[in-house]
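The values are calculated or read from the model by the stated rules, or taken from the named source; none is laboratory data. For clarity, every value in this text was computed on a predicted model and none was experimentally measured. When we count neighbours, we look across all protein chains shown, and the Cβ atoms used for this are built from the backbone with ideal geometry, even at glycine. SASA here: full protein model, heavy atoms, side chains in, ligands and nucleic acids out. Shrake-Rupley method; radii C 1.70, N 1.55, O 1.52, S 1.80 Å.
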Amino acid sequence: MNPEQAKSSLNISPAIRVGVLGFGGLGQAAAKLLAGKQEMIVVAAADQKGYAYAAEGLNTKECIAIYQSQGSVGYLEPVGNLTNHSIQDLIESTQAVDGYFLALPNLPNDFIPNVAKQFIKSGWRGVLVDAIKRTTAVEQLLAMKEELQAAGITYMTGCGATPGLLTAAAAIAAQSYAEIHQVEITFGVGIANWEAYRATVREDIGHMPGYTVETARAMTDAEVEALLDKTNGVLTLENMEHADDVMLEVAGICDRDRVTVGGVVDTRNPKKPLSTNVKVTGRTFEGKISTHTFTLGDETSMAANVCGPAFGYLKAGKQLHQRGIYGIFTAAEIMPQFVR
Ligand code: NAD
């Protein structure tokens with residue numbers, strides 16, 4: 001019995017069966033994080049070249065080792081399958097996954113919305129969670145609400161760090177105020193090398209002046225490296241198109257033009273270049289203007305601050321799903337549940 005199996009057999013209520021779509025930086029971090037949890041087991045993982053599925057739980061260490069040495073979890077014997085349509089083939093091969101974390105690049109900008117459509121078409125029912133970043137991508141997903149409802153899917157969107165943890169913190173901070181004047185999110189990310197998070201870095205480049213999602217997507221690895229060489233590995237981002245704005249607007253907290261997001265990403269040093277924080281300024285019912293600040297601990301990594309909330313929202317989504325509540329919800333509307 002592998003450790004995952006032992007974990008699920010010890011559990012009184014069955015563990016939530018999780019699939020991780022995309023097995024790059026965040027996907028692998030997600031698998032590592034769940035290895036320490038009792039309430040969730042990873043039963044499926046997929047990357048661009050293949051997928052692996054095991055009803056009793058995948059050995060996540062082996063999945064990571066195979067992915068790193070051979071480039072795909074599809075090589076994992078005997079549970080791996082090599083295919084260029086890994087998501088489609090995985091969905092068609094099993095219904096026995098309660099929820100998927102979409103740790104996929106959103107390149108092009110409608111990639112994840114199209115994955116959601118594949119799930120709708122497939123007849124699978126369950127919970128989907130993303131850590132998607134762009135406003136326009138979240139808007140595409142929000143527009144799919146009725147189709148998701150009809151399909152019996154509970155979709156939790158914008159459930160990473162920003163959007164995600166920080167947007168939810170802003171929604172809580174807003175409660176002290178009668179009117180919200182400004183929500184200012186500033187993130188600091190430090191990673192040892194950009195190759196560990198290629199999609200994240202490419203998507204961030206897409207926010208820089210003179211770049212778009214499409215130009216960033218089309219860049220070769222050598223071109224990304226050449227750009228990073230020019231900036232000493234640091235990307236400085238301002239006024240980003242980040243879905244925290246639409247999420248706070250949809251939650252009725254403030255108009256989107258009051259929300260700003262920017263940050264600094266150091267791709268050559270795991271130390272954060274600045275402390276990630278959200279500042280929420282507003283007026284209380286007594287007429288006082290004040291600012292609440294929520295700052296993440298500098299020792300917490302991007303992976304911890306994205307994957308933790310993503311599974312917290314997956315657990316919350318599962319509870320909604322069990323109650324027959326389908327459709328789409330954002331991180332600003334629902335409280336994440338702590339996964340033990
Ligand atoms: P990555 O580049 O490290 O890995 C991407 C993975 O997706 C790889 O395993 C790749 O094989 C797989 N993949 C690509 N195309 C696929 C396909 N068609 N079918 C199946 N698998 C496919 O990515 P990452 O840096 O871990 O980022 C993942 C996502 O997380 C990005 O969209 C990024 O924007 C998002 N993100 C969100 C936050 C947040 O706070 N909300 C923070 C960081 C990253």
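Between residue 255 and residue 289, the distance separating the two model label sites (each 7 Å from Cα on the Cα→Cβ line) works out to 1.7 nm. At the listed q of 0.16 Å⁻¹, the Debye profile of the range 267-340, built from one uniform point per Cα, gives log10 I(q)/I(0) equal to -0.82. Size estimate for the chain follows the Kirkwood approach: the inverse of mean 1/r over distinct Cα pairs works out to 20.3 Å. The residues neighbouring residue 289, those whose beta-carbon lies less than 11 Å from its own, together hold a net charge of 0 under the Lys/Arg +1, Asp/Glu -1 convention. How tilted is helix 111-122 with respect to the longest principal axis of the chain? Cα atoms for both, answer in degrees (0 to 90, nearest 10). Roughly 50 degrees, rounded to the nearest 10. To the nearest 10 degrees, how steep is helix 60-70 against the longest Cα principal axis of the chain, on a 0 to 90 scale? Compared with the principal axis, the helix lies near 90 degrees. The charge dipole of the range 113-263, taken about its Cα centre with unit charges on the Cβ of Lys, Arg, Asp and Glu (plus for the first two, minus for the last two), comes to roughly 540 debye.
Could you list, in their original order, any pairs among 32/117; 61/318; 49/271; 230/279; 37/315; 279/315 whose Cα atoms are separated by more than 21 Å? Provide the component values of the computation, followed by the final result.
Details: 32/117 28 Å; 61/318 26 Å; 49/271 32 Å; 230/279 31 Å; 37/315 12 Å; 279/315 27 Å.
Beyond 21 Å: 32/117; 61/318; 49/271; 230/279; 279/315.
Note on the range 135-207: dipole from Cβ charges, positive end direction compared against 177, 193, 138; the farthest Cα belongs to 193.
Let me have the relative contact order for the chain, percent, based on Cα pairs under 8 Å that are six or more residues apart. Relative CO of the chain lands at 20 percent.
Ligands, DNA and RNA left out, the 1.4 Å accessible surface of the range 297-340 is 54% carbon and sulfur atoms. Summary of the geometry: the range 317-340 and the range 118-164, compared by the centres of their Cα atoms, lie 12 Å apart.
Between 0 and 90 degrees, rounded to the nearest ten: what's the tilt of helix 302-322 against the longest Cα principal axis of the chain? With both axes taken from Cα atoms, the answer is about 70 degrees.
Principal axis analysis of the Cα atoms in the range 76-165 yields extents of 40, 27, 23 Å, listed in decreasing size.
Under a 1.4 Å probe, what is the accessible area of the range 238-340 per residue, stated in Å²? Walk me through the numbers on the way to the answer.
Details: 5020 Å² over 103 residues.
With all protein chains present, the range 238-340 gives 49 Å² per residue.
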